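Engineer: Take this structure, written in C-alpha cells, and hold onto it; I'll ask about it next.
Just so it is clear, none of the values below were taken in a lab; they were calculated from the coordinates. Predicted model, so just to flag it, every value in this text is computed and none were measured. Glycine also receives a Cβ, built like all others from the backbone with ideal geometry; neighbour counts cover every protein chain displayed.
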Amino acid sequence: MNPLPLKTRIKGWLQSVLGYERFLRAFAWFKVRTLRWDRREADFLHFLSRLPRDGTVIDVGANLGFLCVPLARRVAGGAVLAFEPLPDNRRTLAWMIRRFALSHVTVYPCAVGEGRGTVSMVLPMRGASREQGLGHVVDPTETPERGVCFDVPMRSLDEVVEAHHPGIRIAGIKIDVENFERFVLRGARRLLERDRPLVYLELWDGPNRRESFELARELGYDICVFDRRTLVWFDPLHHRDHGNFFFVPRPRVARPPLPGAREMVDEREALQDAWASSPRRS
C-alpha cells in the first residue's frame, strides 16, 4: 500500500484539530483571498473576465464557494445560481455567501444531471482526510470508492431555469462535477440552444470528454483552451496537458441570399402558374 502524500496527511491532521466545519471555512476563505495569485486558476480568471457585469451565471458544483464568490463579485449587477448537493460543502457555501454579503446568489441543494431523480454520491476518504473537492456521483458499473455516501436529489438545468427563472438569459456556466459533465450538458440542451452561454468546465480524458465535445459541436460550440494568455481552438496534439475547456458559441450569422435568388424564385413560380393553367392532354 502506497503511503499517503504529505499534503493529504497534513489535511487530515488539520481536519482533526480544527474540526471539519472550521477547516472547510478556513480553507474556503484562504482560497478566495489567494485566488488571483494562484497560477492554477488562470483559466478560471480568464472565464471570469469574459462575463458581463449584469449577467446571470450558473455554478454547477459550487463546492465551498471559493469560485462562487468571485463569480458573484464579477456579476454584481446580475445573479448566480449555485448548485451544491453535499451537505457539509453547502453549509460552508452558505457561510461564504453571508460573509461576503452576496445577496444575489441562490443556492440549490441538488446534483445536476440529465433529468429529475435521485443519485448516490460519495465523498472520498484518503486516510483521515475527507476530500471535499472530489465528491462525485457513484458510477454503478464501478467498485464504490471508500468514503462517506449520500443519496441526493438531482435536477436538470433546463428544468430549474425554466421553472424558477423564466425569461432570464444565462450568460455563462461553470461546471466541475468530477466526470459527470456530459450528463449536465445533456440536461441543459434547451438552455444552451436558446441562450448560447459561454461554458467553462473541467474534463478528464476519456468517454466523458469525448461525449461532451460531441454534444458541444452539435449545438454549435467551438472547443477552446486558454493558452499563452489567449483562447485558441483545442488541438489534441498540442494541448495534451490541458484539462480545463471553454465551449465558445459560434456566432449566429444570417446567410445572405444567393445572387439572383429572388429572380430564380419568381421565374419558378411563373412557370408553375403557366403549367397549372395550361390545358392537359389525355
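Engineer: Most mobile of Arg116, Arg186, Arg90 per a Gaussian network model of the chain (Cα springs, under 10 Å)?
Structural biologist: It is Arg116.
Engineer: If you take the C-alpha gyration tensor of the chain, multiply each eigenvalue by 5 and take the square root, what semi-axes do you get, largest first, in whole Å? The partial results should precede the final answer.
Structural biologist: Working: eigenvalues 422, 86, 78 Å².
The equivalent ellipsoid of the chain has semi-axes of 46, 21, 20 Å.
Engineer: Once the Cα atoms of helix 20-34 and of the chain are each reduced to a long axis, what angle between those two axes, in degrees from 0 to 90 to the nearest 10, is obtained?
Structural biologist: Roughly 60 degrees, rounded to the nearest 10.
Engineer: Also: For the chain, what is the calculated [θ] at 222 nm in deg cm²/dmol (nearest 500), taking -39500 (n - 2.57) for each run of four or more DSSP H residues and dividing by its residue count? Kindly include the intermediate steps, with their values, before the conclusion.
Structural biologist: Working: 10 runs with 106 residues, N = 282.
That comes out to -11000 deg cm²/dmol.
Engineer: Place a +1 charge on the Cβ of each Lys and Arg in region 84-152 and a -1 charge on the Cβ of each Asp and Glu, then give the dipole magnitude about the Cα centre in debye, rounded to the nearest 20.
Structural biologist: Numbers: 8 positive and 8 negative charges, 91 e Å.
The dipole magnitude comes to about 440 debye.
Engineer: Right, something else. In whole angstrom, note down how far apart the Cα centers of region 1-63 and region 118-151 are.
Structural biologist: 18 Å
Engineer: Now a separate question. Between Trp233 and Leu45, what length comes free when the chain is fully extended (0.36 nm per residue of separation minus the Cα-Cα distance, one decimal in nm)? Before the final figure, lay out each step's value.
Structural biologist: On the way: separation 188, 0.36 × 188 = 67.68 nm, distance 1.83 nm.
Going from the current span to full extension adds 65.8 nm.
Engineer: Suppose R0 equals 30 Å; then what is the FRET efficiency for Asp241 and Thr143 from their Cβ-Cβ distance, rounded to the nearest 0.05? Write out the running numbers ahead of the final one.
Structural biologist: Details: r = 28 Å, r/R0 = 0.94.
Calculated value: 0.60.
Engineer: Let me ask something additional. How far apart, in nm, are two points set 7 Å out from the Cα along the Cα-to-Cβ line at Arg99 and at His165?
Structural biologist: 2.4 nm
Engineer: As a test, work out the antiparallel percent of DSSP beta bridges whose residues both lie in the chain, rounded to the nearest 5.
Structural biologist: Values: 24 of 44 bridges.
Given both bridge residues lie in the chain, the antiparallel proportion sits at roughly 55 percent.
Engineer: Highest mean first, what order results for 36-43, 63-70, 124-131 on Cβ atoms within 10 Å? The partial results should precede the final answer.
Structural biologist: Numbers: 36-43: 11.8, 63-70: 24.8, 124-131: 16.5.
For the peptides 36-43, 63-70, 124-131, the packing ranking is 63-70, 124-131, 36-43.
Engineer: Using packing as a proxy for protection, rank 21-32, 209-220, 51-62 so that the peptide with the highest average count of other Cβ atoms within 10 Å comes first.
Structural biologist: Numbers: 21-32: 17.8, 209-220: 16.2, 51-62: 21.7.
Averaged packing, sorted descending, gives the order 51-62, 21-32, 209-220.
Engineer: Continuing with this model, one more query. Give the residue from Val177, Gly133, Ser212 lying farthest towards the positive end of the charge dipole for the chain; charges sit on Cβ (+1 for Lys and Arg, -1 for Asp and Glu) and the dipole is referred to the Cα centre.
Structural biologist: Going by the Cα projections, it comes out as Gly133.
Engineer: In debye, nearest 20, what is the charge dipole magnitude of the chain about its Cα centre with +1 on Lys and Arg Cβ and -1 on Asp and Glu Cβ, if you could check? Provide the component values of the computation, followed by the final result.
Structural biologist: Values: 44 positive and 36 negative charges, 217 e Å.
Its charge dipole is roughly 1040 debye.
Engineer: Under the definition of Cα pairs under 8 Å and six or more residues apart, what whole-number percent is the relative contact order of the chain? The partial results should precede the final answer.
Structural biologist: Values: 444 pairs, mean separation 41.3, N = 282.
Normalised by residue count, the contact order of the chain is 15 percent.
Engineer: Continuing with this model, one more query. Taking the inverse of the average 1/r across all pairs of different Cα atoms in region 70-159, what Kirkwood radius in Å do you get? Working shown, then result.
Structural biologist: Values: mean 1/r = 0.0689 Å⁻¹.
Radius from the Kirkwood sum: 14.5 Å.
Engineer: Give me the extension gain from Glu178 to Arg91: residue separation times 0.36 nm, minus the current Cα-Cα distance, reported in nm with one decimal. Present the calculation step by step, with values, prior to reporting the outcome.
Structural biologist: Numbers: separation 87, 0.36 × 87 = 31.32 nm, distance 2.02 nm.
Separation in residues times 0.36 nm, less the Cα-Cα distance, equals 29.3 nm.
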